[in-house]
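S.K.: Following this message is one structure expressed as C-alpha cells.
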Amino acid sequence: MTHHPHVHELFDLDGRVAIVTGASSGLGESFARVLVSAGATVVAAARRLDRLEVLAKELDGTTAGQGRVVPVRCDVTSEQDRSDLVELARAITGQIDVLVNNAGMPGVPHAEEETVEGFAALLDLNLASGFHLAARVAATVEEGQALSIINISSVIGLVSTAPIGGASYAASKSGVMGLTRELAGQWGRRGIRVNAIVPGWFDTEMTDGLFTNDKSAGWVRRNTMLGRGGAEGEVDGALLFLASPASSYVTGHALVVDGGWIAR
C-alpha cells in the first residue's frame, strides 16, 4: 500500500539544519523563526551579531526553539566568512539540509545616480555571494542526501516598479531567478533542489518609509489585487513549503508571493 504522509510529516523539519543569511531583521528573521518552529536548527547569519543573539535568546525561552538558533556574524561577500559559516553549520549534524539565501540590500532608485562601484557591490551582495555560498554548500552534499536551496528574489526582478526599485537591484533580483533555474538544472540529479521566492511589497527595513508615506502606500494598495501590502508572516508558508518534504518534486521554480502585483 502506498504511504501517504500525514500533513505534519510533509512540513516537519525535525533534526534538519538550515542556514539563513540576512537573519537579523525583516524576512530573514521571520524565516529563522518559522524554520525553528518546524523543528530545524537554524544557523542564523548576518553582520549584526547583536540582533541575532537577541533572536536566539528569545527563542531559547520557548520549548519549540530551545537551543536551536545558532547566531553567527557573517559577511556573505567574504569568502572566508562563507567558508566558516558552512563548516560551523556542518559541525552540528554533519550535513546541511536547507540554505536560504536572503542577505541583500536595496539600490539607488535613479539609474543616472548609480556608480560603477555601487552597482558592482550590490550585485556582489545580492547575487554573487548567494551563488558562491550555494556552491560551497552543494559541494558538501553526499550521494543520497537531499538539500533545498531557496533564493530570495523580488517582484522588482520581474517587472519595472519605477520610480521605486533601481537598476542594480532589478538586475540582481532578475539574476537570482536565472541563477535559480540554472543551478536547479545542474544539480537536480544529485538530489539538490533550487527554488526562489519572489516577494512583493512588505513592510521591512529594506522598504523603510514605503508604508508610512500616504502616496507610496496608496500606490501599493491601488496596484495590488488584494488591495494591500504583505503582512508579517505571509511569506513564511512559501518558505516552509520549499524547505520541507512537501515540495520534494519542486525545483527550478520561482514562487511569487505578491498579493497579485505582477498579475494585474
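The values are calculated or read from the model by the stated rules, or taken from the named source; none is laboratory data. From a predicted model like this one, the values you see are computed outputs, not experimental measurements. Every residue, glycine as well, gets a Cβ built from its backbone with ideal geometry; the counts of neighbours run over all protein chains shown.
S.K.: Would a scan of segment 217-229 turn up a residue that is β-branched (Val, Ile, Thr) and under 19 Å from the mean Cα position of the chain (by Cα)?
M.R.: Taking every residue of segment 217-229 in turn, none turns out to be β-branched (Val, Ile, Thr) and under 19 Å from the mean Cα position of the chain (by Cα).
S.K.: Determine if segment 82-103 includes at least one residue that is assigned to a loop (DSSP other than H, G, I, E, B) and over 23 Å from residue 240 (Cβ atoms).
M.R.: Applying the first criterion (assigned to a loop (DSSP other than H, G, I, E, B)) to segment 82-103 yields 94-97, 102-103.
Now drop any that are not over 23 Å from residue 240 (Cβ atoms), which leaves 94.
Yes: segment 82-103 contains one or more residues that are assigned to a loop (DSSP other than H, G, I, E, B) and over 23 Å from residue 240 (Cβ atoms).
S.K.: Could you tell me how many of the residues in segment 109-145 are modelled with pLDDT of 95 or more, small (Gly, Ala, Ser) and outside any helix (DSSP H, G or I)?
M.R.: Final tally of qualifying residues: 1.
S.K.: Something else now. If I ask for residues that are among the basic types (Lys, Arg), farther than 20 Å from residue 175 by Cβ and buried (at least 18 other Cβ atoms within 10 Å of the Cβ), which ones from segment 53-111 would you list?
M.R.: Once the filter is applied, which keeps residues that are among the basic types (Lys, Arg), farther than 20 Å from residue 175 by Cβ and buried (at least 18 other Cβ atoms within 10 Å of the Cβ), segment 53-111 yields only 68.
S.K.: Would segment 146-163 turn up any residue that is within 29 Å of residue 215 (Cβ to Cβ), at pLDDT below 95, more than 20 Å from the chain's Cα centre (by Cα) and crowded, with 19+ Cβ neighbours inside 10 Å?
M.R.: Yes; the residues of segment 146-163 include at least one that is within 29 Å of residue 215 (Cβ to Cβ), at pLDDT below 95, more than 20 Å from the chain's Cα centre (by Cα) and crowded, with 19+ Cβ neighbours inside 10 Å.
S.K.: Pick out the one residue from 173, 215 that is among the charged types (D, E, K, R), more than 23 Å from residue 36 (Cβ to Cβ) and surrounded by 18 or more Cβ atoms within 10 Å (Cβ to Cβ).
M.R.: 173
S.K.: Can you find a residue that is of a type in the set (Ser, Thr, Tyr) and under 23 Å from residue 52 (Cα atoms) anywhere in segment 133-147?
M.R.: Scanning segment 133-147, I find no residue that is of a type in the set (Ser, Thr, Tyr) and under 23 Å from residue 52 (Cα atoms), so the answer is no.
S.K.: Within segment 9-21, identify whether any single residue is in contact with a Lys or Arg (Cβ under 9 Å, 6 or more places away or on another chain) and either in contact (Cβ under 8 Å) with a residue 60 or more places away in the chain or crowded, with 16+ Cβ neighbours inside 10 Å (or both), and answer yes or no.
M.R.: Yes, some residue in segment 9-21 is in contact with a Lys or Arg (Cβ under 9 Å, 6 or more places away or on another chain) and either in contact (Cβ under 8 Å) with a residue 60 or more places away in the chain or crowded, with 16+ Cβ neighbours inside 10 Å (or both).
S.K.: Hey, any hits in segment 51-72 for a residue that's closer than 30 Å to residue 156 by Cα and of a type in the set (Asp, Glu)?
M.R.: Checked against the condition, which is being closer than 30 Å to residue 156 by Cα and of a type in the set (Asp, Glu), segment 51-72 yields no hits at all.
S.K.: Would you confirm, using the coordinates I've provided, whether residue 76 is part of a loop (DSSP other than H, G, I, E, B), within 27 Å of residue 184 (Cβ to Cβ) and either in contact with a helix residue (DSSP H, G or I) (Cβ under 8 Å, 6 or more places away or on another chain) or modelled with pLDDT under 95 (or both)?
M.R.: yes
S.K.: Where in segment 164-260 are the helices (runs of 4 or more DSSP H), entirely inside, with at least 2 residues that are closer than 30 Å to residue 96 by Cβ and out of contact with any helix residue (DSSP H, G or I) (no Cβ under 7 Å at 6 or more places or on another chain)?
M.R.: Hits in segment 164-260: 167-187, 236-243.
Here is a yes/no grid of residues against (1) in contact (Cβ under 8 Å) with a residue 60 or more places away in the chain; (2) closer than 20 Å to residue 245 by Cα:
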site: 137; (1), (2): yes, yes
site: 143; (1), (2): no, yes
site: 155; (1), (2): yes, no
site: 162; (1), (2): no, no
site: 167; (1), (2): yes, no
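S.K.: Right, another one. Kindly indicate the residue of segment 34-52 that is touching a helix residue (DSSP H, G or I) at 6+ places or on another chain (Cβ under 7 Å) and part of a helix (DSSP H, G or I) and also surrounded by the most Cβ atoms within 10 Å (Cβ to Cβ) among those meeting that condition.
M.R.: 35
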